[in-house]
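Colleague: Have a look at this one before I ask anything.
The values are calculated or read from the model by the stated rules, or taken from the named source; none is laboratory data. Keep in mind it's a predicted model, so treat the numbers as computed, not measured. Neighbour counts run over all protein chains shown; Cβ positions are idealised from the backbone, glycine included. Only protein heavy atoms, including side chains, enter the accessible area calculation; ligands, DNA and RNA are left aside. Shrake-Rupley method; radii C 1.70, N 1.55, O 1.52, S 1.80 Å.
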Amino acid sequence: MTTAQTTTGTTTETSAGVLPAMAETPASQLRVAVLGVGLMGADHVARLHSRISGARVVAVSDAFAEKAEQVAGGVPGCRVIADPLAAIADGEIDAVVIATPGQFHEEQVVACIERGIPVLCEKPLTMDADSSLAVVRAEDQFAARAGRRLVQVGFMRRFDPEYAQLRALIASGEIGEPLVVHCAHRNPSVPPHFTSEMMLTDSVVHEVDVARFLLDEEIVAVTVLRPRPTRHAVDGGSDPLLVLFETTGGRMVDVECFVSTGIAYEVRTEVVAEDGIALIGLDTGLVRQSGGPAGAVRSSGITPSFKERFGRAYDIELQHWVDAARRGGIDGPGVWDGYAAAAVGEAGVLALRSGQRTEVRMAQR
Ligand SMILES: NC(=O)c1ccc[n+]([C@@H]2O[C@H](COP(=O)([O-])OP(=O)(O)OC[C@H]3O[C@@H](n4cnc5c(N)ncnc54)[C@H](O)[C@@H]3O)[C@@H](O)[C@H]2O)c1
């Protein structure tokens, strides 16, 4: 499994080895095209423009021309290229960020592999396991020829400092063998089109990657239970869901996914191990106490959305990607991680429909 590694002042360690650091000059800056400038894409453009070193956004592409013009207008020297495939083919583009809807990812990622340029593709890698496996095979062929990989998948939690700390703690052996992982993934609300199946493929997909990242094992089976639904559930759907993953090593991961809490964005992960327990995601910030003895209250901040909770993770993810892409490679979760997430997601949808424990069907690496 590919994992996020650390960048030091002088070197970047990746699964491909230690890469020398690059000096930054305007000519050495990575020229990036961002495809799809909706919620995520516009956010990536703003980060690349204002917070990330070593790169500049030189082109954007969006099916909605006005949106592309508006985003390009905020970045000096940024062009609009209407056709995303033309942007990928453009000789003045060194690397691509894909933030279009998932159904367009396969064609756009494969075009980047064919051109031999690095790409950061937002999750999902593609819409199903078979097409994700086709992308794995296409990149494998490139890697066999060129000796480097090109596709990083946007599982940003690997770059979140708390998740990185939790993984390091497990790897240190200080809390012994992990046995059970408890996860909560809660949103205050979701749009009306968000179905119970999307809770698995769009929300729990992050816990799939977290489980694989923390435990270094594949998920082999999924069970999905439907507790009594909240009256706020979209269109009478099943919300919350309880999802149970079993891993190759016999560990279990449970996820409470509840997307209509009406409260805040909460992502918690607790690892129960043989010699200790570790928890991240309390996300309280400052805790304030006020009022007299009769009416005293204790209060702290709440996190409205994933943008605030994982803002730092997006910064680190993009900086790692830029640093590695300037050397022609990647430094983070790759196509196999995207494929594994798609395969587990498919098993999850079958488990939701059937109410049965469902085994994950995965190809050999
Ligand atoms: N990693 C994360 O935390 C995270 C969070 C949210 C979304 N995402 C992912 O990011 C991607 C984009 O999600 P979003 O919420 O920004 O969606 P969005 O609908 O806000 O934006 C998508 C944009 O792509 C444009 N578009 C549609 N088809 C296109 C095409 N063929 N070529 C170019 N542009 C096209 C749309 O006009 C829109 O502006 C999705 O894959 C989603 O799953 C990831």
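Colleague: Where residues in the stretch 39-53 are in contact with a strand residue (DSSP E or B) (Cβ under 7 Å, 6 or more places away or on another chain) and open to solvent by less than 50 Å² (accessible area, probe 1.4 Å), which of them is nearest to the ligand (Cβ to nearest atom)?
Modeller: Checking each candidate, the answer is 41.
Colleague: Look at residue 95 and say whether it is within 24 Å of residue 310 (Cα to Cα) and open to solvent by less than 10 Å² (accessible area, probe 1.4 Å).
Modeller: yes
Colleague: Kindly establish whether residue 224 is over 19 Å from the mean Cα position of the chain (by Cα) and open to solvent by less than 50 Å² (accessible area, probe 1.4 Å).
Modeller: Working: over 19 Å from the mean Cα position of the chain (by Cα): yes; open to solvent by less than 50 Å² (accessible area, probe 1.4 Å): yes.
It is true that residue 224 is over 19 Å from the mean Cα position of the chain (by Cα) and open to solvent by less than 50 Å² (accessible area, probe 1.4 Å).
Colleague: Would you call residue 267 within 16 Å of the ligand (Cβ to nearest atom) and β-branched (Val, Ile, Thr)?
Modeller: yes
Colleague: Continuing with this model, one more query. How many residues are of a type in the set (D, E, K, R) and more than 16 Å from the ligand (Cβ to nearest atom) if we restrict to the stretch 294-325? Explain how you work it out, then say what you get.
Modeller: Filtering the stretch 294-325 down to residues of a type in the set (D, E, K, R) leaves 298, 307-309, 312, 315, 317, 323.
If we keep only those that are more than 16 Å from the ligand (Cβ to nearest atom) as well, we get 298, 323.
Matching residues across the stretch 294-325 total 2.
Colleague: Same structure again: For residue 88, work out the one condition from (1) buried (at least 23 other Cβ atoms within 10 Å of the Cβ); (2) within 12 Å of the ligand (Cβ to nearest atom); (3) within 27 Å of residue 203 (Cα to Cα) it doesn't fulfil.
Modeller: Of the numbered conditions (1) buried (at least 23 other Cβ atoms within 10 Å of the Cβ); (2) within 12 Å of the ligand (Cβ to nearest atom); (3) within 27 Å of residue 203 (Cα to Cα), the odd one out for residue 88 is (3).
Colleague: For the stretch 227-250, name all the residues that are open to solvent by 10 Å² or more (accessible area, probe 1.4 Å) and among the charged types (D, E, K, R).
Modeller: 228, 231, 235, 246
Colleague: Out of curiosity, is residue 205 within 13 Å of the ligand (Cβ to nearest atom), open to solvent by 10 Å² or more (accessible area, probe 1.4 Å), assigned to a loop (DSSP other than H, G, I, E, B) and on the phi < 0 side of the Ramachandran plot? Outline the logic, then answer.
Modeller: Working: within 13 Å of the ligand (Cβ to nearest atom): yes; open to solvent by 10 Å² or more (accessible area, probe 1.4 Å): yes; assigned to a loop (DSSP other than H, G, I, E, B): no; on the phi < 0 side of the Ramachandran plot: yes.
It is false that residue 205 is within 13 Å of the ligand (Cβ to nearest atom), open to solvent by 10 Å² or more (accessible area, probe 1.4 Å), assigned to a loop (DSSP other than H, G, I, E, B) and on the phi < 0 side of the Ramachandran plot.
Colleague: Given the conditions (1) away from the ligand (no atom under 16 Å from the Cβ); (2) of a type in the set (D, E, K, R); (3) more than 23 Å from residue 121 (Cα to Cα), report the number of the one that residue 216 does not fulfil.
Modeller: (3)
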